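Beneath this line is the structure, given in structure tokens, with notes to follow.
The values are calculated or read from the model by the stated rules, or taken from the named source; none is laboratory data. Treat the numbers as computed from the prediction; the structure is a model and nothing was measured. Reconstructed Cβ throughout: ideal geometry from the backbone, glycine too, with neighbour counts over all protein chains shown.
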Amino acid sequence: MTEANTLTKKKKVDTKPLAGILKKYPAIGESLLAILQDVQLEYKYLPEVCLKKVSNKLELPLNQVYAVATFYNAFSLKPKGIYVIQVCLGTACHVRGAPDIVDELERLLNIKCGDTTPDGRFTLESVNCVGACALGPVKVINGDYHGHLTRNKIEKILKQYK
């Protein structure tokens, strides 16, 4: 577990927003996916305490809730940073140097891919494709696409988000 995730895990999660989310849906198993989507949107990840409350509300085994939460890439069990950096490692980006982009981001942010910076500002992720093959290598920061990347461009782009 990274330092950032350890710090966040010690913080008490405010479950008031969760109560509002749970009121919107009937207490049936078919509501699970929609509830998890709303929880992810609200908290930017799926806190353990929320998953337990969802499990209780829907009368589903906790392992079933976790199975759904870990099956879909849209869900995260770890807190994410303010800025989520997704580096495309699809074939087109890979052959154009995407692994070097990941290495440079890891160096500049002092984290490994999949982790969040200790200040909670950045999360670095790799993805299989972002659908912008002609721009490779590509990284996406909170929906903003940055293409034709080189090691030299990375630091300048990061400064826009600091």
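Tabulated values for the structure
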| quantity | calculated |
| --- | --- |
| Among the residues listed as 156, 80, 162, 53, the single one being under 30 Å from residue 12 (Cβ atoms), assigned to a helix (DSSP H, G or I) and of a type in the set (Lys, Arg) | 53 |
| Cross-chain or 6+ apart pairs with Cβ under 6 Å, the range 1-27 first and on the phi < 0 side of the Ramachandran plot and in a helix (DSSP H, G or I), then of a type in the set (Phe, Trp, Tyr) and at pLDDT 90 or above | none |
| Subset of the range 83-107 (residues that are of a type outside the set (D, E, K, R) and part of a loop (DSSP other than H, G, I, E, B)) | 89, 90, 97 |
| Qualifying positions in the range 132-153 - under 18 Å from the mean Cα position of the chain (by Cα) and in a loop (DSSP other than H, G, I, E, B) | 138, 142, 143 |
| Qualifying residue in the range 89-96 (condition: surrounded by 14 or more Cβ atoms within 10 Å (Cβ to Cβ) and either in contact with a Lys or Arg (Cβ under 7 Å, 6 or more places away or on another chain) or more than 30 Å from residue 138 (Cβ to Cβ) (or both)) | no |
| Selection from the range 21-50 of residues that are within 20 Å of residue 114 (Cβ to Cβ) and of a type outside the set (Asp, Glu) | 40, 43, 44, 45, 46, 47 |
| Matching entry among 36, 46, 41 (being at pLDDT below 95 and within 26 Å of residue 84 (Cα to Cα)) | 41 |
